[in-house]
1. What are the ³J(HN,Hα) values, in whole Hz, obtained from phi via the Karplus relation 6.51 cos²θ - 1.76 cosθ + 1.60 with θ = phi - 60°, for each residue of the range 30-36 in sequence order, with x given for Gly and Pro?
2. I need the calculated FRET efficiency for the pair Ala211 and Glu187, taking r as the beta carbon distance and R₀ as 41 Å, to the nearest 0.05.
3. Under 23 Å Cα to Cα from Lys70, which lysines show up? Leave out anything in the same chain fewer than 8 places away.
4. Amide H to amide H, which residues 5 or more places from Trp227 or on other chains are under 5 Å from it, using H placed in the peptide plane?
5. How much mean residue ellipticity at 222 nm does the chain get from its helices, if each DSSP H run of length 4 or more adds -39500 (n - 2.57) and you divide by all residues, to the nearest 500 deg cm²/dmol?
6. Check the straight Cα-Cα distances from Lys484 and name the lysines below 16 Å, setting aside those fewer than 8 residues away within the same chain.
7. Between Ser255 and residues 5 or more places away or on another chain, which pairs have amide H atoms under 5 Å apart, with H built 1.01 Å from N, and which residues are they?
8. Write down Rg/Rh for the range 66-129, rounded to two decimals, with Rg from the C-alpha atoms and Rh from the Kirkwood relation over Cα pairs.
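Laboratory data are not the source of any read-out in this text; all were calculated from the coordinates shown. Just so it is clear, the structure is predicted and the values come from calculations on it, not from any experiment. Cβ placement follows ideal geometry from the backbone for every residue including glycine, while neighbour counts extend to all protein chains displayed.
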Amino acid sequence: MSQSIAALREWMATISDLSEVASVLSWDQQTMMAPMGVAARSDQLATLAGVIHERFASDETGRLLDRAEKETGALDPDSDDACLVRVTRRDYGKARRVPASLRAEMSRASALARPIWAEARRKSDWSMFQPELEKSLALRRRYIECFEPADEDYDILLDDFEPGMKTADVRAIFAELSRGLVPLVAEVLRSGETVRASFLDGPFPLDAQRAAEREILEAYGFTRESWRLDDTVHPFASRSGPDDIRITTRHAPDSIHSLFSCMHEFGHGLYEHQVDRALRRTPLGRGASLAIHESQSRLWENQVGRSRAFWRRFYPGLRARFPEVFRSVEVEEFYRAANRVAPTFIRVDSDEATYNLHIILRFEMEQGMITGAIPARDVPDAWNAKVKEYLGLDVPDAARGALQDIHWSQGSIGYFSTYALGNVVAAQIWERLRADLPDLDASIEAGDFAPLRAWLRDRIHRHGRKFAPRDLVRRVTGSDLDPKPLLAYLRGKLGEIYGLAPAR
Ligand code: ZN
């Protein structure tokens, strides 16, 4: 390694260490900290974020990059060092464009808006939250102005979550997805086939839930040496190093949702755990983007965790842990219930098919909010009309409508689409890996996930952030983002459960 690249790596390593410290503090806040600790913790996290930004956006980073770039011309463009310099340059260019004062204003505004949103949701009162959203949108517009004009303003927001993705591309993907999904869901609902699922209301004693989660996670690849599982309010995965993976969940006695949530967060955690150790302490040492990350969590939660092979293996154990609830439920009935389609107002409670419609709706709302076509005061009406159109439901109140998600209160506009893009990518990857691993169902049914973990490590995880998300998808699947595999996967599974005619 040349001296100039070594110097850049050393400089970036301290920034990476500081970010990992911040993630431990944030994990602690959400799992362990006494509630009154929040004031001190906010100061600590704000100070760290300031130090990280100041150091990274400094002239020194620019000088180190200039020198390192002189050395990368001769390198293989796929080499770690060439990717390191390229990705750091991109991040640096973005970090330099936004004044520290605007960043501070944005983070202050979201800290203030969050409790107001929580109160507005509790009271189901949009008018309480509306001024906060207006302020947040005004700040996003100032943020957009920091950058060179893009094809659409929304591109600039999207790029923070999904580097290189354009609004027009997402729009085209989602248009094709909804053209397939809306009629599929309608067909399912018209089929007359009833899928009994009342047994999914429990009761499920928490100790038995925890034991069931451990059993599945340990088969997946969770080890006590490198992972933790703790309770929180909003489940998430966090890491402060490839061998310090922390996933969280939330339990309720009337649901086994936590089981699926654990599988989901495991997928996020495994991605971070399997990044090549040579990329540690560099900006490349983590997942490629939110959509790629979500493809990994969805794959373990849905493609694996809602498959027939999976439940053939794990249902007998689950049934034994909850004998009263599952006494008269055979594995096939459980499998059908785990895949039931039931439109609901609430995104996080929705099934694998209708979930994507919730995201498409939010993506359209956000574009309208940024262009000004949907002013903040009109958001609930526009929202309700879309829910009616896509899901056939009448939204009863704002709490179950436009106030349900935390994202806008945090100023995260451009984030939602990565959830459905993750589903799209997961299905593309699944198609590819089933072709590569013809015995996959048999190994899942045997509870052996090593071949799946190894495939994901070699094709996706080890690269970390080396490649742009779309480039990575092309390398793995041979094609650009494409909703057809997701539509075919859903059609195949739901068609069988609901007795639908094969697609024409
Ligand atoms: Zn996720």
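1. Residue by residue, the range 30-36 yields 8, 10, 10, 5, 5, x, 6 Hz.
2. Values: r = 39 Å, r/R0 = 0.95.
E(calc), rounded to 0.05, equals 0.60.
3. Those lysines meeting the cut-off are Lys94, Lys466.
4. Ile245
5. Estimated from H runs of four or more residues: -20500 deg cm²/dmol.
6. Candidates past the 8-residue exclusion: Lys493.
7. Close amide H contacts, sequence-distant or interchain: Phe204.
8. Numbers: Rg = 21.0 Å, Rh = 15.4 Å.
My calculation puts Rg/Rh at 1.37.
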